[in-house]
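Let me begin by presenting the structure, written as structure tokens, before commenting on it.
What follows is calculated from the coordinates using simple rules that are stated; it is not laboratory data. Not measured: the values here are computed from a predicted model. As a convention, Cβ positions derive from the backbone with ideal geometry for all residues, glycine included, and neighbour counts pool all protein chains shown.
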Amino acid sequence: MQKKIIFFRNLGIQNYLDIFQEMNNFTISRNINTFDEIWFVEHYPIFTQGVLTQKNNILYSSSIPIVNTDRGGKITYHGPGQQILYFLIDLVRRKISIRQFINIIQNIIIATLNYFSISAYTKQNMPGVYVNKKKICSLGLRIKKGSTLHGLALNVDMNLQPFEDIHPCGDKNIKMTQIKEFNKKITIKNVKNILIKQLSKYLEVNMVNSQYQNVIINSGII
């Protein structure tokens, strides 16, 4: 049963550090009977640094907070209007390698963008999804107890200016883009609905909405 269902949770806009702590708590406490989950969330403006970040990837001082995380990758920016998916997936139980999983979630993003008539692609040795030579989706994962934490950030309708203050993903040549630049009518809700369908297809599961137990992230209760 645990392999056939993934619960998804719509968490709205949240402080990054609250979600970061909840992800780790979930993973530490999970066991063989724990269902996998995917969290849909937006964050208040924040720069997050992966374990590979270097100081020279920050170009300018900013009032936006900077936090260090335990995910892979380098520095990126999160803000409202960016659809983030956090994957809390037991790869061992699903018999999926991390490389296979990265390919799956990149294909999910490409299929979602194709649905909206946006032609997207990947680059070899450069995780993420690109459109017209610009990056539209960033990836950053961690494996703990055979399960994934963190996930992806898809730019939908956000302020891209803070990306100019950093080398996104540690690459000075990367420029960022978003869905709004190709179709202004597409909302983050539209994107979320298609993502859920593509997740069900590519992960071969039923995605079940899990707004349970009066979840209150801001107060640390879950």
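Laid out as a table, the results:
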item: Expected 222 nm ellipticity per residue - DSSP helices of 4 or more, -39500 (n - 2.57), all of the chain, to 500; result: -7500 deg cm²/dmol
item: Longest exposed-site-free window of the chain, the sites being trypsin sites (Lys or Arg not before Pro) in a DSSP loop that have at most 15 other C-beta atoms within 10 Å; result: 5-94
item: Under Karplus coefficients 6.51, -1.76 and 1.60, residue-wise ³J(HN,Hα) of the range 40-50 in Hz, glycine/proline x; result: 9, 8, 10, 10, 5, x, 6, 9, 10, 10, x
item: Extreme residue, positive dipole direction of the chain, given options Ile64, Ile105, His78 (C-beta unit charges); result: Ile105
item: Top of Gln100, Gln14, Gln198 by mean-square fluctuation, Gaussian network on the chain, Cα under 10 Å; result: Gln100
item: Percentage relative contact order, the chain, counting C-alpha pairs under 8 Å, at least six apart; result: 25
item: Above-threshold pairs, the threshold being 32 Å between Cα atoms, out of Lys3/Lys123; Lys4/Lys175; Lys95/Lys185; Lys74/Lys184; Lys134/Lys189; result: Lys4/Lys175; Lys95/Lys185
item: Straight-distance crosslink candidates among aspartates and glutamates, where the alpha carbon sits under 15 Å from Lys133 and sequence neighbours closer than 8 are dropped; result: Asp171, Glu181
item: Rg to Rh quotient for the range 16-125, alpha carbon positions, Kirkwood Rh; result: 0.98
item: Binned Cα-Cα distances of the chain, short to long, each 10 Å bin given as a whole percent; result: 8, 35, 39, 16, 1
item: Thr34 paired with Asn107, simple spin-label distance in nm, labels 7 Å along Cα-to-beta-carbon; result: 2.7
item: Scattering curve values for the range 70-182, log₁₀ I(q)/I(0), Debye with Cα scatterers, q = 0.11 Å⁻¹; result: -0.34
item: For the range 89-95, Karplus couplings with θ = phi - 60° (6.51, -1.76, 1.60), whole Hz, Gly/Pro x; result: 10, 7, 5, 5, 4, 8, 6
